[in-house]
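The values are calculated or read from the model by the stated rules, or taken from the named source; none is laboratory data. Remember, predicted model here, so these are calculated numbers, not experimental data. Backbone-built Cβ (ideal geometry, glycine too); neighbour counts: all protein chains shown. Areas reflect the complete protein model, heavy atoms only, side chains present, ligands, DNA and RNA absent. Shrake-Rupley method; radii C 1.70, N 1.55, O 1.52, S 1.80 Å.
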Amino acid sequence: MAQGETINQVVDRASLTTRISEEGQVLTDARYFIKSKGAPHFRLTLPPNTRLWSVLVNGSAVVPVTDAQANLIPLPQRADPNSVNVLDLKLAATSSVPRSVTVAAPIVAAPVLLTEWKLLPDTGQRLVFRDGSLTPVGGPGDVSGFAGLLRLARESSAPLVKNAVIGWCCC
């Protein structure tokens, strides 16, 4: 990009909620708030083995076009570059090994300013972070709880906190 040029598209916020079943099915609802300066489409690439179930732009169903590995989502053409388009996606994938699921967000071809991603397991199940480029808020967690207890003891100037929550799980 040359000096003085501005970008044509930006994602103000992204919100993803991923539900993971005991059988290894991964369903993701993704919402992107997009500002676009005349770009006719929004480009995104799905993670491997992920299907795009539905696409809504500002509440209306649209049909994406594929371009190599990318999906081009048509956007309404508005004169005001500060108007926000709301893009809602439903994505589905299935892990070949149900007890070891890898989740990934779509790759978008615009800068994303803020993202919130919630991972939710089936009732009675829990998720344990193994590795990846993003770690859970507060760190990857400790299944035994001892590392969390030790961290609390080190961070506190007082004796051990009596009502500390040790470890974590999403239920």
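List of remarks:
- Members of the range 35-57 found to be assigned to a loop (DSSP other than H, G, I, E, B) and open to solvent by 60 Å² or more (accessible area, probe 1.4 Å), listed by number: K37, P40, P48, N49
- Selection of first residues in the range 63-78 that are within 18 Å of P48 (Cβ to Cβ) and of second residues that are open to solvent by less than 90 Å² (accessible area, probe 1.4 Å) and of a type in the set (D, E, K, R), restricted to Cβ pairs under 7 Å at least 6 apart or on distinct chains, gives the following pairs, ordered by first then second residue: A70/R43.
- Filtered residues of the range 58-71 (kept if surrounded by fewer than 16 Cβ atoms within 10 Å (Cβ to Cβ), touching a strand residue (DSSP E or B) at 6+ places or on another chain (Cβ under 6 Å) and on the phi < 0 side of the Ramachandran plot): V65, Q69
- Of all residues in the range 74-88 being in a strand (DSSP E or B) and touching a Lys or Arg at 6+ places or on another chain (Cβ under 8 Å), the one that is most open to solvent (accessible area, probe 1.4 Å): V84
- Residue list for the range 105-129, filter: under 22 Å from G38 (Cβ atoms), assigned to a loop (DSSP other than H, G, I, E, B) and either open to solvent by less than 80 Å² (accessible area, probe 1.4 Å) or modelled with pLDDT under 85 (or both): A109, A110, P111
- Scanning the range 6-34 for residues that are acidic (D, E) and not in a strand (DSSP E or B) turns up E22, E23.
- Near pairs, Cβ below 6 angstrom, 6+ apart or cross-chain, from the range 106-118 (under 13 Å from F42 (Cα atoms)) to any residue that is assigned to a loop (DSSP other than H, G, I, E, B): P106/L46
- Of all residues making up the range 89-104, the number that are open to solvent by less than 50 Å² (accessible area, probe 1.4 Å) and in a strand (DSSP E or B): 4
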